[in-house]
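Report on one structure; see the data block that follows.
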Amino acid sequence: MLKKPSLLFAIAGCWYGLCTAVSAQTRSQVYGDELTKQAQTLFLRADTGMTTFESKVADSKETQPTSRYTVGGWAGEARLVGGQFTTEGETVHFDLNNSDAKIAFQDLRMLVRIGWLMPSLGLSFADIGVTQEQTELVGLYSTGVSAGLNLAIPLYYRLVVSGDAMTVRSNKTYDKLGLGTKLVQRDEFDANIAFDLTERIVDLLVGYRVRRFTLANEEQSFGELSQGAYAGLRFGIYF
């Protein structure tokens, strides 16, 4: 059994360690470079914009509003290691030929900051369905692994421009319709500018995003494309 003074010393030591960690995070946020200040301990990002979908499966094109949400964070005084989870899903109605496409993606990524570069590895999940005149053309779930690279460059005080590229290779697909359709690969490109609306909590982001993915069966393959500009906010805290 611990003696009372030993227990008090243990509690004091834990409290000191916690206070030191919090102090280190705060110091790096105040005195760190612009990229360190962008790497919040915990953040929530939400953006929305107009996206144009060009579908070879539906053989049509449509533009509509879309939204994306990301939650993540960075660890350590210099916040060199981080992770994030992104989710996006929409149902697109193509008026031209009365088709509908259900598209949903979730990505879990682990990141490392190396100067201006941020390589990443992760896991991805996809849910894709396409119908035309109430006939199901595609219906599948897919899991895959991703690799990405982000380049972030501080342009000016509280202003950072960045570009992010990610590719996903599917490793398992469940075809609900039994047609042998697979999600082969997905590639995403994102360029944006982030500006600190407040020094510690809120960032404004404006950017442009492009996504390409390929669906294939034994007879043919289809290239699907979506792209569009967006604006969003990132809310972050440091502790």
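Quick rundown of the values:
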| quantity | calculated |
| --- | --- |
| Among 178, 138, 165 - extreme Cα towards positive end, dipole of the chain, charges at beta-carbon | 165 |
| Other-chain or far-sequence residues with amide H under 5 Å of residue 130's (modelled H) | 102, 137, 138, 139 |
| Three-way shape label, the stretch 96-157, alpha-carbon gyration tensor, a/c 1.5 | oblate |
| Neighbour-count ranking [beta-carbon atoms within 10 angstrom, fewest first] of 67, 142 | 67, 142 |
| Note, ³J(HN,Hα) from phi for the stretch 227-233, Karplus 6.51, -1.76, 1.60, rounded to Hz, x at Gly and Pro | 7, x, 8, 8, 9, x, 10 |
| Whole-Hz couplings from phi, Karplus 6.51/-1.76/1.60, listed for the stretch 159-173; x for Gly and Pro | 10, 10, 10, 9, x, 10, 10, 9, 10, 10, 10, 6, 10, 7, 10 |
| Backbone HN-Hα couplings from phi across the stretch 71-88 [Karplus 6.51/-1.76/1.60, Hz, Gly and Pro as x] | 10, x, x, 10, 10, x, 4, 8, 6, 9, 10, x, x, 8, 10, 10, 10, 8 |
| Amide hydrogen neighbours beyond the local backbone of residue 181, cut-off 5 Å, H modeled | none |
| Within the chain: Cβ-based charge dipole about Cα centre, in debye rounded to nearest 20 (Lys, Arg +1; Asp, Glu -1) | 1360 debye |
| Placed amide H near residue 74: partners under 5 Å, 5+ positions off or other chain | 41, 42 |
| Kirkwood-Stokes translational diffusion coefficient of the stretch 130-239, alpha-carbon pairs, 25 °C, 0.890 mPa s, µm²/s | 148 µm²/s |
| The chain: C-alpha gyration tensor shape, a/c 1.5 cut-off, then a/b vs b/c | prolate |
| Sorted by Cβ density within 10 Å, fewest first, the residues 182, 61 | 61, 182 |
| For the chain, built as a Gaussian network whose Cα springs stay under 10 Å, the top-fluctuating residue of 205, 179, 42 | 179 |
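No lab work stands behind these numbers, since they all come straight from the coordinates. Treat the numbers as computed from the prediction; the structure is a model and nothing was measured. Cβ atoms come from the backbone with ideal geometry, glycine included; neighbour counts cover every protein chain shown.
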